[in-house]
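Chemist: Handing you a structure now.
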Amino acid sequence: KKNKQQKRHQQKHSGPKAEKKKLKKQEGSNEEDERKRNPKAFAVQSAVRMAKTFHRAQDIKAKKHHIPLVDRTPLEPPPVVIVVVGPPKVGKSTLIRCLIKNFTRQKLGDICGPVTIVSGKKRRLTFIECNNDINTMIDLAKVADLVLMLIDASFGFEMETFEFLNICQVHGFPRIMGVLTHLDAFKNNKTQRKTKKNLKHRFWTEVYQGAKLFYLSGMVYGEYQTQEVKNLGRFISVMKFRPLVWQTSHPYVLADRMEDLTDPEKVRTDPKCDRTVSLYGYLRGTYLKNKGQVHIPGVGDFQVSDVNCLPDPCPLPDVQKKRGLNEKERLLYAPMAGVGGVVYDKDAVYIDLPASHVKQQEVRPTTELVQSLIDTHATLDAKMAASKVSLFSGSATLDSTDVNEEEEGLHEQRVWDPKIQRERRKVVFTEEKEDDDNSGSSDEDDDSEEVEESGGEEEQEVDENPDEDALSTFLKEARSQCNEKERGGAPPVKKQKLEEEIAEVPVFADSDDELEKSEEEEEEEDTGREDEEDSDEESGEESEGKDDEAAEKNMSNIYISSISFGFFFSGIYIFTLSTGALCWKEGLQQKASEAFLRQQQAAPNLRKMVYGSDDSEEEEEEELGGLFRVSRPQKSKKTQANALDCSHFKADLSHNWDLEEMLNSIRDCFVTGKWEEGQDAATLLKEDEELYGDFEDLETGQVHKSHSGRQDEGENSENDEDDDAEETQVKVEDEEVQKNKRLEKKRRLKERFDSEYDDGEATYFDDLKEEMQKQAELNRAEFEDMDDETRVQYEGYRPGMYVRIEVPSVPCEFVSNFDPHYPVILGGLGSSEGNVGYLQMRLKKHRWHDRILKTRDPLILSLGWRRFQTIPLYHIEDHNGRHRLLKYTPQHMHCGASIWGPITPQGTGFLAVQSVTGTKTNFRIAATGVVLDLDKSVTIVKKLKLVGYPYKIFKNTCFIKGMFNTVLEVAKFEGASIRTVSGVRGQIKKALSTPAGAYRATFEDRLLMSDIVFLRSWYPVVVPQLYNPVTSLLLPVGQKDSWAGMRTVGQLKHDLGIRNKPNTDSLYKPVVRTQRRFNPLHIPKELQKALPFKSKPKQQQSRGKTPRDLQRPGVIREPHERKVIALLQALSTINNYKKKKAHTVQHSKHKEFLQQKTKQEEAKSKRQKELRKKLYRAMDQKDQKRSRSSLKGAPQES
């Protein structure tokens, strides 16, 4: 019969059953109803399985528990340090740029140093890139809060990834997130999924099970996909961080700015003098005391001379005023990358010109001209000989020497080519660059297309000839600008506006101050225009586009305003104008007079610089001798210690009193203002009355009543209804205070009742957490009402502050070789951590390091903040407590290590590397361990064998010589146990007078003169005192990863080509054994008689030589016989060959037969196996059928 196909079940879409199902879906399954309806279904099926499930749940819960620590994070925490780590060319800089663009809508070019951004209302982030230097990896692992570990998925894991993970494990494990890049290299989706899975599980093995791993699937226009970057940014924004022990117990600053405060005159006279440096950054960790000791990894230990708190350059948005973070408030602060806005220092103000979205432009000619004149190193004649001057617009340049014109305007532009995966150096000419700038300022669409084509990379211009004369460069730029204007490159409206602004710029300036002032005024006007444009913005994209346009307009204003300038040089006045070729002849006299007047106006006002006043028409009442005027600034206004220098900045004292902010700032100066609770007049009066109350003057006897007392008396006597309004107000406030107190008391009682009776599942862990929470609240409340100056005196500078740390006596190489790509960290040291002493450690060679470590070989340790080279001694503790010196580290176990190094708290982890120079192919981390002790209590001993020889033997006593040299040495070892090589034990008794160093010893057996006596002793070893800090930041730029300290003995021998002459006794020699001849055994006759017959020697005569006459003579054959024998031999040879050949053929046939037989056997066994399977399957089915039928009942036989 053919099996009919079963009809598919069709679900009903209408009717009572369908309605019932719809209703059930809408309401959802109610578990309680189901439990009541079918309790057996929810009963415990297996107690063992339930116990296992419960135990597993408890284990998972217990693994999440950490020892609770007191939360010392301030109300305004410092930015979270995010370190982006990975091998070269894996996409670190691109990821940082994309994240910064995601949070701030700004593009950053070169990632130099820390980049701080505001990511939300309560969180700031500091991104820093970690290069492929082991020193940088070690330093950043100590300060990182979050590590973004980039992995090239197309290549797989690289050694740098595992090295950084092991560094993090030693120095406190921060949060680690993996990011897979280059996933677009996979063409096959199946291969991609498999690779993702393998990398994820290997990453989990190293970090922890379930560690977050992000996938960046591909790049669009040189950037990662926006949604993926946004997801990564969201994850970073909400992540929680566990405080690490070392970070929370030590203050540290990740410097984002460095200034050299050394006197320039001192630097000029002695360029190698020590510098005074100020480092800026957010304070992290714990509180920092002034005048403390700090360590700068890569530089050394220093004493802080001064610490100041500065205004936050990247503040959090005001939570009370704003619900969200506006586009204009998304701050970006990266001074080392050239982004920072206005930075107020203690003694200066740093203004960053608005290269708005960090499309870096070269410095404009005004400032560059003055700077080139200041820093000139050549004479005037030499500069004139090398300069080029263009008298007319569009004319050829005049040159005194035959210099190739094409070499003048060359610039280098580094462009990343994704096809060949390398950075290419593109040559850009000055004229082309200026064309690009002007076209970009006039046409925004073209500029955006160029940005997309370049893949978001920053275009940097590098001058090929930095010592070129500034005059020729400026004239050349002016000529190109004039040509562009003739072609109609810029719009007419913008041109008119620029010409109006040009008149305000001083043409000549005798100092940088005038030029800076003019640029600042232009910047203020431009920013005013930007604000007007930005006020009409409605969406983020429109604001971004308009910001770009305003920034380019601003840069073009500064650029073009510095083009039309006059320059008086050696009696020749040169103009470059924007009109025709012969316009320069028009109105020469008028232009010369105007230029002279502008020059006089731009000259520095000495009276203003010296006396602080520019008013020359003041009253001449306070003149001294009719020549000088006394300047009294304290009469007009209060002087401030950190006021702006009036020779540099014009203080703006005008206030707009129409603004609400200005009115609010002085509102509390009047009686009608809204006072704080503690400064209100009524409250102060009430406090005075409560303090003093009613009192009686004891001298006069007069009773003085308080205000409230007098009023009560008046009410009782006259029942006066004119009550004081202020007293009523005070009473109302008193009632409110009392009511609040009662409510607070009730709330505390309810909390205590709830904790005791309601929740019975509170554990010790919860109690501990609650106690830590109370301690944290108490810490915050203690200094909450104090101002910053008072708090700093009590507790020091708290974490989260932006501080300026002044460090004196810094080596000059730190400033001259400063590289912003390498992090500068100031790690605070404890009271005893500045000292150097002996340290006892527990050390283990890393399992991935290919060589064992040798005692007395120099090793570079990373311990605490420091990286230093020292000479360790490895030892192991015997069962009797003796610390025995080891020549090499054990293979798979811990050993002790003693070093001379900086005092570090016990329990601090460390790691060791043998070299920090370059990148080796093998695993660079040699060993890891932990500090155990900080004293010299452990004595390390090594085994010493002293050898002597007996020279007189008297039964069990003998005289030994050659072991000691003097009687005193023997006296020290009297009673010591000695031993011979053959195992005879003895003891030293007393020294002998002659020869020197000989002694008498007794043994348990008589010695032979050939015996060697040795004494086994233990000799104390002194730990070498070497502490050599790794000063990698003092090396020149580009060589900071090539620090080389002390070399090992093996390296020295290899470098110098020294070969040890081996000890001849230690060399292996061929063993030559001579054959020994033994004498025949002689048994006495008496003994032979006693022996049994079997053992008696048999009397057998030795057979001598056969006599010559008895020897068989040789047979001499006839020629015929010889022929017959030769024929027989030939026949036998042929016969043997035939037999051998037949045997070979037979053997091969037999081999084939055996192979066929083997195949047949295999086929037969396979058939039998299949038959057995079928048979067993049938038997099994039969058994199952029988068992089922037995459960149902006996089968009915028909």
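The values are calculated or read from the model by the stated rules, or taken from the named source; none is laboratory data. Fair warning: this is a prediction, and the values are worked out from it, not measured in the lab. Quick reminder, even Gly has a Cβ in these numbers, built from the backbone with ideal geometry, and neighbours come from all protein chains shown. Heavy atoms of the whole protein, side chains included, go into the accessibility calculation; ligands, DNA and RNA do not. Shrake-Rupley method; radii C 1.70, N 1.55, O 1.52, S 1.80 Å.
Chemist: Out of the residues in the range 1013-1055 that are closer than 24 Å to residue 943 by Cα, of a type in the set (S, T, N, Q) and assigned to a loop (DSSP other than H, G, I, E, B), which is modelled with the lowest pLDDT?
Modeler: Among residues in the range 1013-1055 that are closer than 24 Å to residue 943 by Cα, of a type in the set (S, T, N, Q) and assigned to a loop (DSSP other than H, G, I, E, B), the one modelled with the lowest pLDDT is 1048.
Chemist: State the number of residues belonging to the range 140-181 that are open to solvent by 10 Å² or more (accessible area, probe 1.4 Å), touching a Phe, Trp or Tyr at 6+ places or on another chain (Cβ under 9 Å) and within 27 Å of residue 1044 (Cα to Cα).
Modeler: Residues in the range 140-181 being open to solvent by 10 Å² or more (accessible area, probe 1.4 Å), touching a Phe, Trp or Tyr at 6+ places or on another chain (Cβ under 9 Å) and within 27 Å of residue 1044 (Cα to Cα): 5 in total.
Chemist: Go through (1) touching a Phe, Trp or Tyr at 6+ places or on another chain (Cβ under 8 Å); (2) open to solvent by 60 Å² or more (accessible area, probe 1.4 Å) one by one and return the number of the condition residue 816 breaks.
Modeler: So the condition that residue 816 fails would be (1).
Chemist: Of all residues being closer than 17 Å to residue 140 by Cβ, in a helix (DSSP H, G or I) and not small (Gly, Ala, Ser) in the range 77-98, which is modelled with the lowest pLDDT? Just the residue, please.
Modeler: Checking each candidate, the answer is 92.
Chemist: So residue 1010 ticks every box in (1) touching a residue at least 24 places away in the same chain (Cβ under 8 Å); (2) among the small types (Gly, Ala, Ser); (3) in a loop (DSSP other than H, G, I, E, B) but one. Which box is left unticked?
Modeler: All conditions pass for residue 1010, except number (1).
Chemist: Exactly one of (1) closer than 30 Å to residue 104 by Cβ; (2) free of Cβ contacts under 8 Å to residues at least 40 places away in the same chain is unmet by residue 279. Its number?
Modeler: (2)
Chemist: Counting only residues that are touching a His at 6+ places or on another chain (Cβ under 7 Å) and free of Cβ contacts under 8 Å to residues at least 24 places away in the same chain, how many does the range 828-885 have?
Modeler: Counting residues in the range 828-885 that are touching a His at 6+ places or on another chain (Cβ under 7 Å) and free of Cβ contacts under 8 Å to residues at least 24 places away in the same chain gives 1.
Chemist: Contact list please: Cβ distance under 6 Å, first residue in the range 1042-1058 and farther than 13 Å from residue 856 by Cβ, second residue assigned to a loop (DSSP other than H, G, I, E, B), pairs at least six apart or on different chains.
Modeler: 1042/917; 1043/916; 1043/1030; 1044/917
Chemist: Go through (1) open to solvent by 10 Å² or more (accessible area, probe 1.4 Å); (2) under 20 Å from residue 1051 (Cβ atoms); (3) in contact with a Cys (Cβ under 6 Å, 6 or more places away or on another chain) one by one and return the number of the condition residue 874 breaks.
Modeler: That leaves (1) as the condition not met.
Chemist: May I ask you to verify whether residue 125 is assigned to a helix (DSSP H, G or I) and either out of contact with any Leu (no Cβ under 6 Å at 6 or more places or on another chain) or at pLDDT 90 or above (or both)?
Modeler: no
Chemist: On the given criteria, is residue 982 under 17 Å from residue 944 (Cβ atoms), without any contact (Cβ under 8 Å) to a residue 40 or more places away in the chain and not acidic (Asp, Glu)?
Modeler: no
Chemist: Does residue 932 count as closer than 30 Å to residue 141 by Cα and either at pLDDT below 95 or open to solvent by 10 Å² or more (accessible area, probe 1.4 Å) (or both)?
Modeler: It is true that residue 932 is closer than 30 Å to residue 141 by Cα and either at pLDDT below 95 or open to solvent by 10 Å² or more (accessible area, probe 1.4 Å) (or both).
Chemist: For residues in the range 120-138 being touching a helix residue (DSSP H, G or I) at 6+ places or on another chain (Cβ under 6 Å) and open to solvent by less than 20 Å² (accessible area, probe 1.4 Å), which is farthest from residue 235 (Cα to Cα)?
Modeler: 135
Chemist: Give the residues of the range 974-991 that are surrounded by fewer than 17 Cβ atoms within 10 Å (Cβ to Cβ) and part of a loop (DSSP other than H, G, I, E, B), sorted by residue number.
Modeler: 974, 975, 976, 981, 982, 983
Chemist: Restricting the search to the range 779-798, which residues are within 13 Å of residue 289 (Cβ to Cβ) and either under 26 Å from the mean Cα position of the chain (by Cα) or of a type in the set (S, T, N, Q) (or both)?
Modeler: The answer is 793, 797, 798.
Chemist: Which condition number in (1) modelled with pLDDT under 80; (2) open to solvent by 80 Å² or more (accessible area, probe 1.4 Å) is the one that residue 783 fails?
Modeler: Here residue 783 clears every test but (2).
So that you can scan it fast, the table gives a plain yes or no per residue for (1) surrounded by fewer than 16 Cβ atoms within 10 Å (Cβ to Cβ); (2) touching a strand residue (DSSP E or B) at 6+ places or on another chain (Cβ under 9 Å); (3) part of a helix (DSSP H, G or I):
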residue	(1), (2), (3)
800	no, yes, no
807	no, yes, no
833	no, yes, no
838	no, yes, no
843	no, yes, no
847	yes, no, no
852	yes, yes, no
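Chemist: Here is a follow-up. Give the number of residues within the range 992-1002 that are more than 19 Å from residue 944 (Cβ to Cβ) and open to solvent by less than 80 Å² (accessible area, probe 1.4 Å).
Modeler: Selection size over the range 992-1002: 5.
Chemist: Please give the helices (runs of 4 or more DSSP H) falling wholly within the range 130-241 in which 2 or more residues are more than 21 Å from residue 847 (Cβ to Cβ) and within 21 Å of the chain's Cα centre (by Cα).
Modeler: Result: 134-143, 226-237.
Chemist: Tell me which of these residue 248 doesn't satisfy, since it passes every other one: (1) part of a helix (DSSP H, G or I); (2) in contact (Cβ under 8 Å) with a residue 24 or more places away in the chain; (3) of a type outside the set (Lys, Arg); (4) open to solvent by 70 Å² or more (accessible area, probe 1.4 Å).
Modeler: Residue 248 satisfies all of (1) part of a helix (DSSP H, G or I); (2) in contact (Cβ under 8 Å) with a residue 24 or more places away in the chain; (3) of a type outside the set (Lys, Arg); (4) open to solvent by 70 Å² or more (accessible area, probe 1.4 Å) except (4).
Chemist: For the range 272-308, how many residues are surrounded by fewer than 18 Cβ atoms within 10 Å (Cβ to Cβ) and basic (Lys, Arg)?
Modeler: Number of matching residues: 3.
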